[in-house]
Amino acid sequence: MASLRGMFFLMVGFLNTAVHGSLIVLFSLLIPVSAASWRTPIQQFVEKIAEDWVRVWSLILSTLTPSIRWQVQMPELNRQAWHLVLANHQSWVDIIILFHIFHLKLPFLRFFLKYELLYFPFLGLACRALNMPFMKRYSPAYLERHPQKRGEDLARTRAACAHFQEHPVAIVNFMEGTRFSPSKQAEQDSPYRHLLKPKTGGVAFVLRAMDAKIHSVLDVTIAYPAGIPTLWDLACGRLQAVHIEVRQLDIPVECRQGDYEQDMQYRQRFQAWIAHLWDHKDRQLSRMLSTE
């Protein structure tokens, strides 16, 4: 029974993505070939399609997984402002949950995605049409052999941020760079109990590229007290509880603008700020996971 339920959940989710993703791509293709007076209305319509895509996902969650116990704490948010969302990352479920809890509370979320997702049917092209950057990670050994590949991710980030300045967006960054697992934690020798080491350079670059439009960050902590779920667990109704706490934090004045690559003092200040934030998040996770 659980497997049938899971297959139905994924089928409905795939159809939702196929329909809305196709419409997003179709209307996005019209923007560069339209008269200037039509481009903004078409872009707004594309955003409306994307919001409807998330609305249907929220409906799928509430209808097909009604047994999830939600515990969400967040401040009142301004949907007309630019936001940088910093969250821990444990599962693909995190992405669906973030879309669900921030629907109509923030501008449409933009993620920095792994390059491989570009080839996911309907989803990849839709995300590209929404100007989400696809990041292609290279190993140090590969970069030694192909030094011309260095800086490609920064170039993609710069291009995406140019689009993001046109109207309010919420930029999501999973600073760990990958999903948490005990094996990755051990490999990194992470000093945190529930987190991997944060990667700070990308966040610093986004703040610089957004030209001071972002004045605060949303620090999002996601906890699964019954254990980290897979997407299949969610689909089968095995996800029991989700605890989320959102803090809106001012960006320290000394961290708002600077050259992370060239200014060593700025880099140290920025890393110290993120380390403080990550220490708090680790303690917060310990508390949230012990409440169940």
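Each reported figure results from applying straightforward, stated rules to the coordinates on display, with no laboratory input. This structure is a prediction, so every number in the text was calculated from the model and none was measured. Using ideal geometry, Cβ is built from the backbone for each residue, glycine included, and neighbour counts are taken over all protein chains shown.
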Connecting every pair of Cα atoms under 10 Å apart in the chain and solving the GNM, the largest mean-square fluctuation among ALA35, ALA241, ALA212 falls on ALA35
Taking the chain as a Gaussian network, where each spring joins two C-alpha atoms under 10 Å apart, which residue of VAL19, VAL169, VAL203 fluctuates the most? VAL19
Calculate the FRET efficiency for LEU104 and ALA186 from the Cβ-Cβ distance with a Förster distance of 51 Å, rounded to the nearest 0.05. 0.80
If you take Cα Rg over 2.2 N^0.38 Å from the coordinates, which of (1) 0.97; (2) 0.93; (3) 1.02 do you get? (3)
Take the residue pairs LYS197/LYS281; LYS199/LYS281; LYS105/LYS197 and return only those whose Cα atoms are more than 21 Å apart. LYS105/LYS197
Would you mind classifying the range 65-126 by shape? Square roots of the alpha carbon gyration tensor eigenvalues, ordered a ≥ b ≥ c; an a/c under 1.5 is rounded, otherwise it is prolate if a/b is larger than b/c and oblate if not. oblate
Would you work out the relative contact order for the chain, in percent, from Cα pairs under 8 angstrom that are 6 or more residues apart? 25 percent
Between GLY202, GLY227, GLY237, where does the largest GNM mean-square fluctuation fall for the chain, given springs only between Cα atoms within less than 10 Å? GLY227
Could you tell me the calculated FRET efficiency between ILE68 and VAL33, based on Cβ-Cβ distance and R0 = 51 angstrom, to the nearest 0.05? 0.70
Which helices count as membrane-span-like in the chain under these terms: full DSSP H, at least 30 Å along the axis by C-alpha, Kyte-Doolittle mean of 1.0 or more? 2-30
Need one number: nm distance between label points at ARG55 and ALA241, each 7 Å from Cα along Cα→Cβ, rounded to one decimal. 3.3 nm
Rounded to the nearest 500, what is the 222 nm mean residue ellipticity of the chain from helices alone, with -39500 (n - 2.57) per DSSP H run of 4+ residues and division by all residues? -15500 deg cm²/dmol
By how many nm would the segment from ARG283 to GLN44 lengthen if fully extended, with 0.36 nm per residue of separation less the alpha-carbon distance? 82.0 nm
For ALA241, the residues 5 or more places away or on another chain with a placed amide H closer than 5 Å to its own amide H are ARG69, ALA226
How far apart, in nm, are the 7 Å Cα→Cβ label points at PHE120 and ALA155? 2.6 nm
The extension gain from LEU10 to THR230, computed as 0.36 nm times the residue separation minus the Cα-Cα distance, is 77.9 nm
Would you mind checking which residues have amide H under 5 Å from PHE112's amide H? H placed 1.01 Å from N; only 5 or more apart, or other chain. VAL172, PHE174
